Amino acid sequence: MGFITVCILFGGRSGEHEVSCRSAASVVRNLDPDRYQQVLIGIDREGRWHLQQEARFQTASYGESLEVVPAVDNVTAVPAVGLFAASRPIPVDVVFPVLHGTFGEDGTVQGLLEIANLPYVGAGVLGSSLAMDKQKTKEIWKQCGLPVVDFVTVRDGSAGSIATLLKHFGFPLFVKPVTAGSSVGITKVHSEEQLRPAIAEALRFDAKAIVEPAIDAREIECAVLGNETAEAFAPGEILPSHEFYNYEAKYVDPEGAALKLPADLPENLKREVRRLAVAAFKAVECSCMARVDFFLERRSNRILLNEINTIPGFTNISMYPKMCEASGLAYPRLLDRLIELAIERHGRRSSLHYNL
Ligand SMILES: Nc1ncnc2c1ncn2[C@@H]1O[C@H](COP(=O)(O)OP(=O)(O)O)[C@@H](O)[C@H]1O
Ligand SMILES: [Mg+2]
(Lines give C-alpha, C1' and ligand atoms only; values in the text may rest on other atoms or scores of the structure.)
(Ligands and ions follow the chains in the order given, each with its own letter.)
Protein backbone atom coordinates (compact mmCIF):
# COMPACT_ATOMS: atom_id res chain seq x y z
CA MET A 1 0.00 0.00 0.00
CA GLY A 2 1.25 3.53 -0.82
CA PHE A 3 1.50 6.43 1.56
CA ILE A 4 -1.66 7.88 3.04
CA THR A 5 -1.71 11.68 3.00
CA VAL A 6 -2.96 13.03 6.32
CA CYS A 7 -3.97 16.67 6.50
CA ILE A 8 -3.53 18.06 9.99
CA LEU A 9 -5.70 21.06 10.83
CA PHE A 10 -4.48 23.04 13.82
CA GLY A 11 -4.76 26.40 15.61
CA GLY A 12 -8.24 27.84 15.17
CA ARG A 13 -10.44 30.61 16.46
CA SER A 14 -11.29 29.20 19.87
CA GLY A 15 -9.79 30.03 23.25
CA GLU A 16 -7.94 26.74 22.89
CA HIS A 17 -5.80 27.85 19.93
CA GLU A 18 -2.51 27.29 21.81
CA VAL A 19 -3.57 23.93 23.15
CA SER A 20 -4.37 22.85 19.60
CA CYS A 21 -0.91 23.97 18.41
CA ARG A 22 0.64 21.85 21.15
CA SER A 23 -1.53 18.83 20.40
CA ALA A 24 -0.74 19.14 16.69
CA ALA A 25 3.03 19.22 17.35
CA SER A 26 2.71 15.84 19.06
CA VAL A 27 0.58 14.38 16.28
CA VAL A 28 3.16 15.50 13.68
CA ARG A 29 5.98 13.90 15.70
CA ASN A 30 4.11 10.63 16.21
CA LEU A 31 2.66 9.91 12.75
CA ASP A 32 4.60 6.97 11.34
CA PRO A 33 6.80 8.38 8.50
CA ASP A 34 6.81 4.96 6.80
CA ARG A 35 3.04 5.09 6.35
CA TYR A 36 2.00 8.72 6.06
CA GLN A 37 2.73 11.90 4.21
CA GLN A 38 1.67 15.01 6.04
CA VAL A 39 0.03 18.20 4.88
CA LEU A 40 -0.35 20.90 7.50
CA ILE A 41 -2.99 23.61 7.51
CA GLY A 42 -2.67 26.22 10.24
CA ILE A 43 -5.83 28.14 11.15
CA ASP A 44 -5.18 31.64 12.47
CA ARG A 45 -7.17 33.34 15.22
CA GLU A 46 -9.44 35.01 12.65
CA GLY A 47 -10.25 31.59 11.18
CA ARG A 48 -8.28 31.83 7.92
CA TRP A 49 -6.67 28.61 6.74
CA HIS A 50 -2.97 28.72 5.74
CA LEU A 51 -1.20 25.88 3.94
CA GLN A 52 2.12 25.35 5.74
CA GLN A 53 5.28 24.75 3.72
CA GLU A 54 6.72 22.78 6.63
CA ALA A 55 6.09 22.09 10.29
CA ARG A 56 7.47 25.07 12.23
CA PHE A 57 8.05 23.95 15.80
CA GLN A 58 8.51 26.32 18.70
CA THR A 59 9.43 25.32 22.20
CA ALA A 60 7.15 26.74 24.84
CA SER A 61 7.67 26.45 28.60
CA TYR A 62 5.36 23.47 28.52
CA GLY A 63 6.78 21.54 25.59
CA GLU A 64 6.65 21.77 21.84
CA SER A 65 4.08 23.65 19.83
CA LEU A 66 3.40 24.30 16.12
CA GLU A 67 3.38 27.84 14.78
CA VAL A 68 0.71 28.99 12.31
CA VAL A 69 2.79 30.56 9.51
CA PRO A 70 0.67 32.91 7.34
CA ALA A 71 0.51 32.05 3.62
CA VAL A 72 -0.28 34.45 0.77
CA ASP A 73 -3.28 32.44 -0.45
CA ASN A 74 -5.85 31.09 1.97
CA VAL A 75 -6.98 27.49 1.71
CA THR A 76 -10.49 27.00 0.32
CA ALA A 77 -12.85 24.02 0.52
CA VAL A 78 -14.77 23.17 -2.63
CA PRO A 79 -18.01 21.17 -2.21
CA ALA A 80 -17.65 17.55 -3.33
CA VAL A 81 -14.11 18.18 -4.60
CA GLY A 82 -11.76 18.89 -1.69
CA LEU A 83 -9.26 21.47 -0.49
CA PHE A 84 -7.39 24.02 -2.61
CA ALA A 85 -4.58 26.55 -2.14
CA ALA A 86 -3.88 29.14 -4.84
CA SER A 87 -6.34 27.27 -7.13
CA ARG A 88 -4.27 24.10 -6.88
CA PRO A 89 -5.76 20.98 -5.29
CA ILE A 90 -4.19 19.89 -2.00
CA PRO A 91 -3.76 16.11 -2.08
CA VAL A 92 -5.54 14.71 0.99
CA ASP A 93 -6.66 11.17 1.87
CA VAL A 94 -7.85 11.91 5.37
CA VAL A 95 -8.11 15.01 7.55
CA PHE A 96 -7.18 15.06 11.21
CA PRO A 97 -8.73 18.16 12.81
CA VAL A 98 -6.50 18.62 15.85
CA LEU A 99 -8.71 21.50 16.94
CA HIS A 100 -10.28 22.09 20.31
CA GLY A 101 -13.40 24.02 21.16
CA THR A 102 -15.69 26.23 19.08
CA PHE A 103 -15.28 26.19 15.28
CA GLY A 104 -13.18 23.03 15.48
CA GLU A 105 -14.64 20.45 17.79
CA ASP A 106 -18.29 21.53 17.57
CA GLY A 107 -19.42 20.09 14.23
CA THR A 108 -18.71 23.18 12.12
CA VAL A 109 -15.41 22.01 10.60
CA GLN A 110 -16.85 18.49 10.43
CA GLY A 111 -19.73 19.85 8.30
CA LEU A 112 -17.29 21.58 5.98
CA LEU A 113 -15.33 18.33 5.56
CA GLU A 114 -18.54 16.37 4.87
CA ILE A 115 -19.46 18.81 2.12
CA ALA A 116 -15.92 18.63 0.72
CA ASN A 117 -16.32 14.81 0.77
CA LEU A 118 -13.20 14.18 2.85
CA PRO A 119 -12.79 11.48 5.51
CA TYR A 120 -11.86 12.96 8.88
CA VAL A 121 -10.80 11.76 12.32
CA GLY A 122 -13.22 12.25 15.20
CA ALA A 123 -16.97 12.34 15.68
CA GLY A 124 -19.31 13.40 12.89
CA VAL A 125 -21.40 16.57 12.78
CA LEU A 126 -24.13 15.52 15.23
CA GLY A 127 -21.83 13.86 17.77
CA SER A 128 -19.40 16.78 17.69
CA SER A 129 -22.03 19.46 18.17
CA LEU A 130 -23.92 17.57 20.86
CA ALA A 131 -20.77 16.77 22.82
CA MET A 132 -19.75 20.44 22.67
CA ASP A 133 -23.00 21.46 24.35
CA LYS A 134 -22.83 20.52 28.03
CA GLN A 135 -26.56 21.14 28.52
CA LYS A 136 -27.79 19.01 25.58
CA THR A 137 -25.30 16.27 26.41
CA LYS A 138 -26.48 16.06 30.00
CA GLU A 139 -30.14 16.15 28.99
CA ILE A 140 -29.59 13.19 26.67
CA TRP A 141 -27.53 11.26 29.20
CA LYS A 142 -30.21 11.82 31.82
CA GLN A 143 -32.88 10.63 29.43
CA CYS A 144 -30.83 7.47 28.78
CA GLY A 145 -30.71 6.81 32.52
CA LEU A 146 -27.03 7.71 32.81
CA PRO A 147 -25.90 9.44 36.05
CA VAL A 148 -25.12 13.18 35.78
CA VAL A 149 -24.63 16.08 38.21
CA ASP A 150 -27.84 18.10 38.64
CA PHE A 151 -27.80 21.40 36.69
CA VAL A 152 -29.68 24.53 35.67
CA THR A 153 -29.04 26.55 32.52
CA VAL A 154 -29.26 30.36 32.51
CA ARG A 155 -29.13 32.87 29.67
CA ASP A 156 -28.65 35.99 31.77
CA GLY A 157 -27.58 37.06 35.25
CA SER A 158 -30.89 38.74 36.14
CA ALA A 159 -32.38 38.69 39.63
CA GLY A 160 -34.89 36.07 38.41
CA SER A 161 -32.13 33.70 37.29
CA ILE A 162 -30.21 34.20 40.52
CA ALA A 163 -33.33 33.48 42.60
CA THR A 164 -33.97 30.26 40.62
CA LEU A 165 -30.42 29.12 41.21
CA LEU A 166 -30.54 29.87 44.91
CA LYS A 167 -33.75 27.87 45.17
CA HIS A 168 -32.10 24.89 43.49
CA PHE A 169 -28.64 24.73 45.02
CA GLY A 170 -26.52 25.73 47.99
CA PHE A 171 -22.87 26.80 47.77
CA PRO A 172 -20.29 26.09 46.50
CA LEU A 173 -21.44 25.99 42.88
CA PHE A 174 -19.78 25.75 39.51
CA VAL A 175 -20.70 28.19 36.75
CA LYS A 176 -19.51 27.37 33.23
CA PRO A 177 -20.20 28.37 29.64
CA VAL A 178 -22.37 25.67 28.02
CA THR A 179 -20.00 25.37 25.08
CA ALA A 180 -16.33 25.92 25.86
CA GLY A 181 -13.45 23.82 27.04
CA SER A 182 -10.11 23.80 28.86
CA SER A 183 -11.92 25.35 31.86
CA VAL A 184 -12.20 28.68 30.00
CA GLY A 185 -14.86 30.90 31.63
CA ILE A 186 -15.44 28.56 34.61
CA THR A 187 -15.74 29.81 38.21
CA LYS A 188 -16.21 28.03 41.49
CA VAL A 189 -18.67 30.19 43.40
CA HIS A 190 -18.66 30.23 47.20
CA SER A 191 -21.24 32.89 47.99
CA GLU A 192 -24.21 34.79 46.55
CA GLU A 193 -22.12 37.93 45.80
CA GLN A 194 -19.87 35.90 43.51
CA LEU A 195 -22.72 34.43 41.51
CA ARG A 196 -23.60 37.32 39.19
CA PRO A 197 -19.96 38.06 38.18
CA ALA A 198 -19.41 34.33 37.57
CA ILE A 199 -22.45 34.15 35.28
CA ALA A 200 -21.27 37.28 33.44
CA GLU A 201 -17.84 35.67 32.97
CA ALA A 202 -19.34 32.44 31.57
CA LEU A 203 -21.65 34.42 29.26
CA ARG A 204 -18.60 36.09 27.68
CA PHE A 205 -17.93 32.73 26.03
CA ASP A 206 -21.43 31.49 25.23
CA ALA A 207 -25.04 32.66 25.18
CA LYS A 208 -25.87 30.07 27.87
CA ALA A 209 -24.25 29.22 31.20
CA ILE A 210 -24.66 25.99 33.11
CA VAL A 211 -24.76 26.07 36.90
CA GLU A 212 -24.36 22.99 39.07
CA PRO A 213 -23.46 22.08 42.65
CA ALA A 214 -19.75 21.58 43.31
CA ILE A 215 -19.20 17.88 43.88
CA ASP A 216 -16.47 16.85 46.29
CA ALA A 217 -15.10 14.20 44.01
CA ARG A 218 -12.15 12.44 42.45
CA GLU A 219 -11.81 13.18 38.72
CA ILE A 220 -11.71 10.06 36.59
CA GLU A 221 -11.27 10.00 32.80
CA CYS A 222 -11.74 7.21 30.31
CA ALA A 223 -10.61 6.91 26.67
CA VAL A 224 -13.09 5.47 24.16
CA LEU A 225 -12.00 4.33 20.70
CA GLY A 226 -14.02 2.87 17.83
CA ASN A 227 -17.02 3.36 15.59
CA GLU A 228 -19.98 0.96 15.97
CA THR A 229 -18.00 -1.33 18.26
CA ALA A 230 -16.31 1.21 20.49
CA GLU A 231 -14.14 0.06 23.39
CA ALA A 232 -13.09 1.86 26.56
CA PHE A 233 -9.60 1.66 28.06
CA ALA A 234 -8.54 1.49 31.69
CA PRO A 235 -9.54 4.78 33.37
CA GLY A 236 -7.03 7.33 34.66
CA GLU A 237 -7.29 9.87 37.45
CA ILE A 238 -6.49 13.60 37.50
CA LEU A 239 -5.26 15.01 40.80
CA PRO A 240 -5.34 18.81 40.44
CA SER A 241 -3.23 20.79 42.90
CA HIS A 242 -5.34 23.95 42.36
CA GLU A 243 -8.81 24.68 43.74
CA PHE A 244 -10.15 22.74 40.75
CA TYR A 245 -8.85 21.56 37.39
CA ASN A 246 -8.72 25.07 35.93
CA TYR A 247 -6.83 26.46 32.90
CA GLU A 248 -3.64 27.09 34.95
CA ALA A 249 -3.66 23.56 36.34
CA LYS A 250 -4.21 22.14 32.85
CA TYR A 251 -1.75 24.15 30.78
CA VAL A 252 0.24 26.78 32.66
CA ASP A 253 1.51 25.31 35.92
CA PRO A 254 3.70 22.25 35.25
CA GLU A 255 2.80 21.00 38.73
CA GLY A 256 -0.90 21.88 38.25
CA ALA A 257 -2.12 18.31 38.16
CA ALA A 258 -0.78 14.81 38.62
CA LEU A 259 -2.04 12.05 36.35
CA LYS A 260 -2.50 8.61 37.79
CA LEU A 261 -2.49 5.80 35.24
CA PRO A 262 -4.32 3.59 35.67
CA ALA A 263 -6.58 5.09 38.32
CA ASP A 264 -6.40 3.33 41.65
CA LEU A 265 -9.96 2.01 41.77
CA PRO A 266 -11.52 -1.30 42.77
CA GLU A 267 -12.14 -3.59 39.78
CA ASN A 268 -15.93 -3.21 39.93
CA LEU A 269 -15.70 0.60 39.72
CA LYS A 270 -13.21 0.39 36.84
CA ARG A 271 -15.63 -1.86 34.98
CA GLU A 272 -18.52 0.47 35.71
CA VAL A 273 -16.58 3.54 34.46
CA ARG A 274 -15.75 1.73 31.22
CA ARG A 275 -19.33 0.61 30.72
CA LEU A 276 -20.67 4.11 31.35
CA ALA A 277 -18.02 5.65 29.07
CA VAL A 278 -19.14 3.55 26.09
CA ALA A 279 -22.82 4.17 26.88
CA ALA A 280 -22.20 7.94 27.14
CA PHE A 281 -20.27 7.89 23.83
CA LYS A 282 -23.08 6.09 22.01
CA ALA A 283 -25.85 8.17 23.58
CA VAL A 284 -24.56 11.35 21.91
CA GLU A 285 -23.77 9.66 18.56
CA CYS A 286 -19.98 9.83 18.87
CA SER A 287 -17.61 7.87 16.68
CA CYS A 288 -13.85 7.33 16.30
CA MET A 289 -12.68 8.64 19.68
CA ALA A 290 -13.65 10.58 22.77
CA ARG A 291 -12.48 11.12 26.30
CA VAL A 292 -15.28 10.73 28.80
CA ASP A 293 -14.79 12.55 32.12
CA PHE A 294 -16.37 11.52 35.41
CA PHE A 295 -16.66 12.56 39.02
CA LEU A 296 -16.37 9.88 41.68
CA GLU A 297 -18.15 11.47 44.62
CA ARG A 298 -16.09 10.89 47.75
CA ARG A 299 -18.87 10.55 50.30
CA SER A 300 -21.16 8.27 48.28
CA ASN A 301 -18.69 6.56 45.91
CA ARG A 302 -21.21 7.41 43.15
CA ILE A 303 -19.88 7.72 39.62
CA LEU A 304 -21.30 10.74 37.76
CA LEU A 305 -20.71 11.69 34.15
CA ASN A 306 -19.30 15.20 33.73
CA GLU A 307 -18.53 15.73 30.05
CA ILE A 308 -17.33 14.18 26.81
CA ASN A 309 -14.57 15.58 24.60
CA THR A 310 -14.59 14.53 20.96
CA ILE A 311 -11.12 15.96 20.24
CA PRO A 312 -9.29 15.56 23.53
CA GLY A 313 -5.84 17.00 24.19
CA PHE A 314 -3.22 15.18 22.14
CA THR A 315 0.06 16.39 23.60
CA ASN A 316 2.55 13.75 24.72
CA ILE A 317 1.41 14.26 28.30
CA SER A 318 -2.32 14.44 27.53
CA MET A 319 -4.63 11.95 29.20
CA TYR A 320 -6.19 10.48 26.05
CA PRO A 321 -3.01 9.18 24.39
CA LYS A 322 -1.57 8.32 27.82
CA MET A 323 -4.59 6.20 28.75
CA CYS A 324 -4.41 4.37 25.41
CA GLU A 325 -0.68 3.83 25.91
CA ALA A 326 -1.23 2.49 29.43
CA SER A 327 -3.53 -0.12 27.88
CA GLY A 328 -0.86 -1.15 25.36
CA LEU A 329 -1.72 1.11 22.40
CA ALA A 330 1.35 3.30 21.75
CA TYR A 331 0.78 6.83 20.39
CA PRO A 332 1.80 6.08 16.74
CA ARG A 333 -0.42 2.97 16.70
CA LEU A 334 -3.30 5.00 18.17
CA LEU A 335 -2.93 7.42 15.23
CA ASP A 336 -3.02 4.46 12.79
CA ARG A 337 -6.23 3.28 14.39
CA LEU A 338 -7.86 6.74 14.28
CA ILE A 339 -7.03 7.10 10.60
CA GLU A 340 -8.45 3.64 9.86
CA LEU A 341 -11.64 4.51 11.74
CA ALA A 342 -11.99 7.80 9.82
CA ILE A 343 -11.62 6.04 6.47
CA GLU A 344 -13.97 3.24 7.52
CA ARG A 345 -16.72 5.67 8.54
CA HIS A 346 -16.35 7.68 5.35
CA GLY A 347 -16.57 4.47 3.30
CA ARG A 348 -19.74 3.46 5.07
CA ARG A 349 -21.33 6.88 4.59
CA SER A 350 -20.36 6.88 0.92
CA SER A 351 -22.12 3.55 0.40
CA LEU A 352 -25.45 4.95 1.68
CA HIS A 353 -28.12 6.21 -0.70
CA TYR A 354 -29.01 9.86 -0.42
CA ASN A 355 -31.67 9.75 -3.10
CA LEU A 356 -33.95 7.16 -4.73
N1 LIG B 1 -19.96 20.25 39.38
C2 LIG B 1 -18.64 20.25 39.59
N3 LIG B 1 -18.15 19.85 40.78
C4 LIG B 1 -16.82 19.85 41.05
N5 LIG B 1 -15.90 20.27 40.16
C6 LIG B 1 -16.32 20.70 38.96
C7 LIG B 1 -17.70 20.70 38.60
N8 LIG B 1 -17.82 21.16 37.34
C9 LIG B 1 -16.56 21.44 36.93
N10 LIG B 1 -15.66 21.18 37.90
C11 LIG B 1 -14.20 21.40 37.82
O12 LIG B 1 -13.91 22.22 36.71
C13 LIG B 1 -13.15 21.49 35.73
C14 LIG B 1 -13.59 21.89 34.33
O15 LIG B 1 -14.97 21.66 34.15
P16 LIG B 1 -15.54 20.87 32.91
O17 LIG B 1 -17.00 20.72 33.10
O18 LIG B 1 -14.77 19.62 32.75
O19 LIG B 1 -15.28 21.88 31.71
P20 LIG B 1 -14.19 21.93 30.52
O21 LIG B 1 -14.93 21.54 29.30
O22 LIG B 1 -13.75 23.34 30.46
O23 LIG B 1 -13.09 20.97 30.88
C24 LIG B 1 -13.39 20.04 36.08
O25 LIG B 1 -12.34 19.22 35.60
C26 LIG B 1 -13.45 20.11 37.60
O27 LIG B 1 -12.16 20.27 38.17
MG1 LIG C 1 -13.22 19.01 31.47
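The values are calculated or read from the model by the stated rules, or taken from the named source; none is laboratory data. None of these values were measured; they are calculated from a predicted model. Positions of Cβ are backbone-derived with ideal geometry, glycine not excepted, and every protein chain shown enters the neighbour counts. Side chains included, ligands, DNA and RNA excluded: accessible areas come from the protein's heavy atoms. Shrake-Rupley method; radii C 1.70, N 1.55, O 1.52, S 1.80 Å.
Each of V125, V154 has its accessible area taken with a 1.4 Å probe; listed largest first, they run V125, V154.
In square nanometres and to one decimal, what's the mean projected area of the convex hull around the Cα atoms of the chain? For the chain, averaging the hull's shadow over all directions gives 19.3 nm².
Inverting the mean 1/r over all pairs of different Cα atoms, compute the Kirkwood radius of region 4-122 and quote it in Å. By the Kirkwood definition, the hydrodynamic radius is 14.1 Å.
Cross-link partners of K136 among aspartates and glutamates, defined as those whose alpha carbon lies under 15 angstrom from its own and excluding same-chain residues fewer than eight positions apart: D106, D150, D206, E212, E285, E307.
Remark: region 152-213 carries 44 Å² of accessible area per residue (probe radius 1.4 Å; ligands, DNA and RNA excluded). Mean sequence separation of contacting Cα pairs (under 8 Å, at least six apart), scaled by the length of the chain, corresponds to a relative contact order of 17 percent. Multiplying the residue separation of E285 and E18 by 0.36 nm and removing their Cα-Cα distance gives an extension gain of 93.3 nm.
Is there a pair in K260/K322; K142/K250; K134/K176 whose C-alpha atoms are over 20 Å apart, and which pairs would that be?
Exceeds cut-off: K142/K250.
Normalising the average separation of contacting C-alpha pairs (under 8 angstrom, six or more residues apart) by the number of residues puts the relative contact order of region 4-122 at 31 percent. The charge dipole of region 152-213, taken about its Cα centre with unit charges on the Cβ of Lys, Arg, Asp and Glu (plus for the first two, minus for the last two), comes to roughly 100 debye. Near A123, the amide H atoms lying under 5 Å from its own belong to S287, M289; only residues 5 or more places off or on other chains count, and H is placed 1.01 Å from N.
Run the accessible area of the chain with a 1.4 Å probe and give the carbon-and-sulfur part as a rounded percent.
Looking at the chain in its full context, I get 51 percent from C and S.
Relative to the globular-protein estimate of 2.2 N^0.38 Å, the Cα radius of gyration of region 152-213 stands at 0.95. With all protein chains kept in place, the per residue accessible area of region 4-122 amounts to 42 square angstrom at a probe of 1.4 angstrom. Applying the criteria of a DSSP loop state and at most 10 other Cβ atoms within 10 Å to the GluC sites (Glu not before Pro) of region 15-115 yields E46, E54. Evaluating 6.51 cos²θ - 1.76 cosθ + 1.60 at θ = phi - 60° for every residue in region 309-326, the Karplus couplings come out as 10, 7, 10, x, x, 10, 6, 4, 9, 6, 4, 4, x, 5, 5, 5, 4, 4 Hz, glycine and proline recorded as x.
Give me the dipole magnitude in Debye, nearest 20, for region 214-310 about the Cα centre, with unit charges on the beta carbon: positive for Lys and Arg, negative for Asp and Glu. Before the final figure, lay out the partial values.
Numbers: 12 positive and 17 negative charges, 77 e Å.
My answer is approximately 360 debye.
Inter-part distance, region 134-175 to region 53-117, computed on C-alpha centroids, equals 35 Å.
The GluC sites (Glu not before Pro) of region 245-289 meeting both criteria, a DSSP state outside H, G, I, E and B (loop) and at most 10 other C-beta atoms within 10 angstrom of the site's C-beta, are E255.
Please calculate how many Å² of accessible area region 295-356 carries per residue, with a 1.4 Å probe and no DNA, RNA or ligand atoms counted.
51 Å²
For the chain, a crude dipole built from +1 on the beta carbon of Lys and Arg and -1 on the beta carbon of Asp and Glu, taken about the Cα centre, is about 600 debye to the nearest 20.
Which aspartates and glutamates, if any, have their Cα less than 13 Å from the Cα of K282, not counting same-chain residues under 8 positions apart? Those aspartates and glutamates meeting the cut-off are E228, E231. 3J(HN,Hα) along region 50-56: 10, 6, 8, 6, 7, 7, 9 Hz, from the Karplus curve 6.51 cos²θ - 1.76 cosθ + 1.60 with θ = phi - 60°, whole Hz, x for Gly and Pro.
Computed 3J(HN,Hα) for region 210-215, one whole-Hz value per residue from the Karplus formula 6.51 cos²θ - 1.76 cosθ + 1.60 where θ = phi - 60°, is 10, 10, 8, x, 6, 9, glycine and proline marked x. Taking all protein chains together, R345, R337, R271, R302 sort by accessible area into R271, R302, R337, R345, largest first [probe 1.4 Å]. Distant-in-sequence amide contacts of N227, defined by a placed amide H-H separation under 5 Å and a gap of 5 or more residues or a different chain, comprise C288. Between the amide H of I215 and any residue lying 5 or more places away or on another chain, no distance stays under 5 Å, with hydrogens modeled in the peptide plane.
Applying both filters, DSSP loop and at most 16 other Cβ atoms within 10 Å, to the chymotrypsin sites (Phe, Trp or Tyr not before Pro) of region 218-293 gives F244.
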